[in-house]
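To keep things clear, I will list the structure first and then write my remarks on it.
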Amino acid sequence: MSEPDLILVIDEGTTSTRAIAFDRDFHPVAQAQQEVGLTYPADGWVEQDGAEIWEKTLDVCQDVIETVGGAGRIAGIGITNQRETTLVWDRETGDPIAPAIVWQDRRTAGMCELLRERGLEADVQAETGLLIDPYFSGTKVSWLLNKVDQARADAVSGKLAFGTVDAFLIWRLTGGQVHATDVTNASRTLLYPLSVDPAADWSEKMKDLLDVPASLLPEVRPSGGQFGETDPALFGRAIPILSAIGDQQAALVGQACLAPGTAKITYGTGAFLVANTGYERPSSSNRLLGTLGYAIAGGGEAFALEGAIFNAGTVIQWLRDDLGLIASAAESEARAAQLDSNGGVYLVPAFTGLGAPHWDANARGTITGLTRGAGADHIVRAGLEAAAYQTHDLLEAFAADGADVGLLRVDGGMAANDWLLQFIADICDRPVERPDFMEMTALGAAALAGIQLGWTSAAAWGARKAEGRTFKPKMDRPTRMALIKGWRRALDQTLSA
């Protein structure tokens, strides 16, 4: 039998789970995808079924393995995942004790507010790089332990396990043999110190503060490293798991941003601007997040500075599925382009609060500037424009923190929209670079697995140049400033304070 020549990447996102097989040149050769449902049981609550995540992930993996001719071709598996989404499961059965609490969920806003009122945010930021916000996993874990019958007692006795989606999938893939996460996912929990020290472990301060028992927590490993082998019963043979990394950091690696000062922004369900700061521990005075960029077994790790926009692609889904203003995401481009201007209409998509640099969990979305002359096209355009204005807000905060991003490398579903990327270039007044292959989260996980296999090296990957297109700013300054002024006026009407 020939040598295994493919890497299988699991890309488990907020709205779908995919499997993609990459060859030795990191070109995709087969893929399968299934949607994963979201439920909204109460205002600000967002949940998923952990069993559905696992079953559909297994299905797409088996589909791709069958397509490429069997598990004998798979040299290793890489995993990239939606971050912060929180699962607690029974160690004996592998079954979640409650629905997964999705990263967008705001149910712990009250708990976070109490912690801030105690004056703890500066200490928390110094320890973890993060702010006190429902976005992160730590308060979600605490909520589950307090609200699910017997959960806290079972956690203390060692019967339960906590993990973000990567850890849950690793547990299920290995038949419960490995309970581990990577440094990037750990750094999004509020429970892990902001450190690239390989000896770093879960923060005693944060475990005590959030009342999360150590027995619940996974082992923390490098993003590119060993995470055990799959149960042979799943795919016909045991396959090594060689990488696990949060989706935004995976895109950082996929975009070859391995040098300090390089950055990318992914426009998916949310939008996330991440800049590599190398070994310089990030410290933000503008409510950005310090986080771990990646770590590679055998050497190579980096800090990162991040700004998170909670709602980007969700705006297009809302316009399509809930308002019925467009039939497809692609239609939004033509609808926006046919207007000469936005007509003074602005949409602030605070469906689940506002992320960086505002961090207002209680803000809710608004549409402002409506007149009788405004129509459906104006609302569609306002939904797209919001992504550009929020990006501009992030870039200003990054610059104020000393991380001026001169070139925007973009990826994600919304990056297929040429009109939007030109508008982003105009509003942000800097070039926007889009690669031809935009599945950067999956590519990053593949690269980390490929480094473990010796198919590439960190140095070679960091020097990689992707084919693509560059959008250069064309808008005059008075027009740009007038549009930004209108956005800020709309934003002021949205903030809850």
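Of note:
- Checking the stated criteria, A350 turns out not to satisfy the condition of being of a type in the set (G, A, S), modelled with pLDDT of 90 or more and within 30 Å of F437 (Cβ to Cβ).
- If the condition is being within 18 Å of G268 (Cα to Cα) and small (G, A, S), then the range 390-424 contributes G412, G413, A415, A416.
- Close pairs (7 angstrom Cβ cut-off, 6 or more residues apart or separate chains): under 19 Å from F227 (Cα atoms) in the range 58-76, open to solvent by less than 20 Å² (accessible area, probe 1.4 Å) and part of a helix (DSSP H, G or I) anywhere: A71/I65; I74/I65; G76/A449
- Looking only at residues in the range 86-95 that are surrounded by 24 or more Cβ atoms within 10 Å (Cβ to Cβ) and over 17 Å from A361 (Cβ atoms), the one that is farthest from the chain's Cα centre (by Cα) is W89.
- The residue that is surrounded by the most Cβ atoms within 10 Å (Cβ to Cβ), counting only those in the range 1-36 that are polar (S, T, N, Q) and outside any strand (DSSP E or B), is T14.
- Tally, over the range 264-290, of residues that are under 22 Å from G225 (Cα atoms), buried (at least 20 other Cβ atoms within 10 Å of the Cβ) and out of contact with any helix residue (DSSP H, G or I) (no Cβ under 7 Å at 6 or more places or on another chain): 1
- First in the range 432-460 and polar (S, T, N, Q), second anywhere and part of a helix (DSSP H, G or I), Cβ under 7 Å, 6 or more apart: T441/D247; T441/A250; T441/A251; T441/G254; T456/A447; T456/G450; S457/I451
- Subset of the range 197-206 [under 16 Å from Q125 (Cα atoms) and either in contact (Cβ under 8 Å) with a residue 60 or more places away in the chain or among the hydrophobic types (A, V, I, L, M, F, W, C) (or both)]: W202, S203, K205, M206
- Test result for I296, at pLDDT 90 or above and either surrounded by 23 or more Cβ atoms within 10 Å (Cβ to Cβ) or farther than 20 Å from A460 by Cα (or both): no
- The residues in the range 38-69 that are part of a strand (DSSP E or B) and surrounded by fewer than 22 Cβ atoms within 10 Å (Cβ to Cβ) can be counted, and the count is 2.
- Close pairs from the range 7-36: first under 16 Å from E55 (Cα atoms), partner open to solvent by 40 Å² or more (accessible area, probe 1.4 Å) and among the basic types (K, R), Cβ under 7 Å, at least 6 apart: T17/K56; Q34/K56; V36/K56
- Residues being outside any strand (DSSP E or B) and touching a helix residue (DSSP H, G or I) at 6+ places or on another chain (Cβ under 9 Å) - total across the range 70-95: 10
- Residues that are closer than 18 Å to D247 by Cα and of a type in the set (D, E, K, R) were ranked within the range 179-224; the one that is surrounded by the fewest Cβ atoms within 10 Å (Cβ to Cβ) is R221.
- Among the residues making up the range 156-168, those that are in contact with a Leu (Cβ under 9 Å, 6 or more places away or on another chain) and crowded, with 24+ Cβ neighbours inside 10 Å are L160, F162, G163, T164, V165, A167, F168.
- Among the residues making up the range 341-386, those that are farther than 15 Å from L323 by Cβ, of a type in the set (G, A, S) and open to solvent by 30 Å² or more (accessible area, probe 1.4 Å) are S341, G343, G344, G369, G373.
- Boolean, L394 is out of contact with any Pro (no Cβ under 9 Å at 6 or more places or on another chain) and either open to solvent by less than 60 Å² (accessible area, probe 1.4 Å) or of a type in the set (A, V, I, L, M, F, W, C) (or both): no
- Whether a residue is out of contact with any strand residue (DSSP E or B) (no Cβ under 8 Å at 6 or more places or on another chain) and within 26 Å of F227 (Cα to Cα) was assessed, and A256 passes this test.
The values are calculated or read from the model by the stated rules, or taken from the named source; none is laboratory data. As the structure is a computational prediction, the values presented were derived from the model and not from experiment. Backbone-built Cβ (ideal geometry, glycine too); neighbour counts: all protein chains shown. To get the accessible areas, we keep the full protein, side chains included, count just its heavy atoms, and leave off ligands, DNA and RNA. Shrake-Rupley method; radii C 1.70, N 1.55, O 1.52, S 1.80 Å.
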